[in-house]
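*Asks:* First the structure, which I've put down as structure tokens, then a few questions once you've had a look.
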Amino acid sequence: MGLESSLRDSVFTTRLDAFINWGRKNSLWPMPFGTACCAIEFMCVLGPKFDMGRFGAEAMRFSPRQSDMMIVSGRVSIKMMPVLQKIYRQMAEPKWVISMGACASTGGVFDTYSTIQGIDRFIPVDVYVPGCPPRPETVIDAVIKLQKKIESERSRDYR
Amino acid sequence: MPLEIIPILALLLVVLGVVGAIYLLTYLLGPRRPGDVKLSPYESGKEPIGDARIRFPIRFYLIAMLFVLFDIELVFFYPWAVVYRKLLSAGSFILIEMVIFIALLLIGYVYAWKRGALQWD
């Protein structure tokens with residue numbers, strides 16, 4: 001990447017990291033990948049009662065080009081995995097993934113041959129959200145956790 | 001040069017400066033990792049089939065044009081319907097005007113119909 005690679009670890013770049021991370025964590029644009037009932041639950045996270053917009057993550061974009069936080073909500077079947085993987089790879093860096101609910105994180109009750117037993121076998125996941133489905137507060141808590149994680153990142157560390 | 005234009009010029013400079021700064025910052029700080037998959041067209045995660053620039057019947061344009069025409073007609077109906085009852089007590093002018101308006105567009109509609117503009121095959 002541009003500036004950091006030429007400047008190494010100086011005070012300037014560490015302060016710059018803090019500044020960049022501040023911008024990144026407060027303007028997460030979610031890319032919803034809703035395949036099941038968790039997506040229904042996720043809808044009200046953006047609604048007026050819970051309002052993820054308070055944390056700067058209300059700008060939903062249904063295009064991987066414009067979003068940087070993928071929220072996988074729902075079980076993912078083997079047939080669906082290439083689609084999820086492709087969309088993840090089409091997202092521009094920096095990008096983060098929230099695995100919402102038991103099914104996306106572990107396969108949940110769908111202990112079958114056709115359901116992926118956790119999406120982290122195929123794409124990297126930053127925050128796991130427990131619950132079946134998780135309460136909206138839990139999702140907001142996950143976003144806050146992700147923001148804390150972004151805070152500690154160095155801008156050259158992104159995947 | 002009139003003095004009133006100075007604020008506009010200042011605004012123009014600020015806008016150009018901010019936009020230029022944002023472009024420069026994203027160029028310097030934004031990571032770019034292009035690749036085959038990333039640069040491929042977004043088709044909701046599916047493999048793209050064929051080209052996006054396909055040929056389709058020219059009738060679509062005609063239908064679209066007619067739609068815009070009669071859509072605008074409908075837009076005129078709404079304010080008319082809102083004040084209709086109030087203005088009718090002052091005379092039947094509002095009714096006659098609208099009938100003339102509808103009649104004009106109805107002639108166009110009948111003409112389009114007769115010429116086969118609504119015929120798909």
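*Asks:* Taking the number of other C-beta atoms within 10 Å as the exposure measure, put A:V72, A:V127 in order starting with the fewest. Don't skip to the end; give the middle numbers.
*Replies:* Working: A:V72 29, A:V127 22.
Least crowded to most crowded, the residues run A:V127, A:V72.
*Asks:* Rounded if a/c is under 1.5, else prolate if a/b is larger than b/c, else oblate: which is the range B:59-114, with a ≥ b ≥ c the root eigenvalues of its Cα gyration tensor?
*Replies:* oblate
*Asks:* Continuing with the same structure: Between 0 and 90 degrees, rounded to the nearest ten: what's the tilt of helix B:5-29 against the longest Cα principal axis of chain B?
*Replies:* Once rounded, the angle reads 50 degrees.
*Asks:* Now for a separate question. Across the residues of B:86-94, average count of Cβ atoms on other protein chains within 10 Å?
*Replies:* That average works out to 0.
*Asks:* What is the packing order of peptides A:97-103, B:34-40, A:17-23, taking the mean over residues of other C-beta atoms within 10 Å and listing the highest first?
*Replies:* A:97-103, A:17-23, B:34-40
*Asks:* Let me ask another. Considering only B:L105, B:L66, B:L25, give the residue with the highest GNM mean-square fluctuation for chain B, with springs between Cα atoms whenever their separation is below 10 Å.
*Replies:* The residue that fluctuates most here is B:L25.
*Asks:* Would you mind putting A:140-149, B:51-60, A:53-62 in packing order, based on average other-beta-carbon counts within 10 Å, highest first?
*Replies:* Highest-to-lowest ranking by the protection proxy: A:140-149, A:53-62, B:51-60.
*Asks:* Restricting to DSSP H runs of at least four residues, report the calculated mean residue ellipticity at 222 nm for chain B, -39500 (n - 2.57) per run over all residues, nearest 500 deg cm²/dmol.
*Replies:* For chain B, the value works out to -23000 deg cm²/dmol.
*Asks:* For a protection proxy built on the mean count of beta-carbon atoms within 10 angstrom, sort A:25-33, A:43-51 highest first, please.
*Replies:* Top to bottom by mean Cβ count within 10 Å: A:25-33, A:43-51.
*Asks:* Other chains' Cβ within 10 Å of B:35-47 residues: what's the mean?
*Replies:* Whole-number average of other-chain Cβ neighbours for B:35-47 is 5.
*Asks:* Quick one: helix B:93-114 against the long Cα principal axis of chain B, what's the angle to the nearest 10°, folded into 0 to 90?
*Replies:* Approximately 70 degrees, to the nearest ten.
*Asks:* With a Förster radius of 41 Å, plug the Cβ-Cβ distance of B:F60 and A:T112 into 1/(1 + (r/R0)^6) and report the FRET value to the nearest 0.05.
*Replies:* Once the sixth-power term is evaluated, E becomes 0.35.
*Asks:* Counting helices only, and only those DSSP H runs with n ≥ 4, report the 222 nm mean residue ellipticity of chain A as the sum of -39,500 (n - 2.57) divided by its residues, in deg cm²/dmol to the nearest 500. Each step should come with its number before you reach the end.
*Replies:* On the way: 6 runs with 59 residues, N = 159.
So the calculated ellipticity at 222 nm is -11000 deg cm²/dmol.
Every number in this text was worked out from the coordinates using simple rules, so none of it is lab data. Because the structure is a prediction, the values reported are computed rather than measured. Cβ atoms come from the backbone with ideal geometry, glycine included; neighbour counts cover every protein chain shown.
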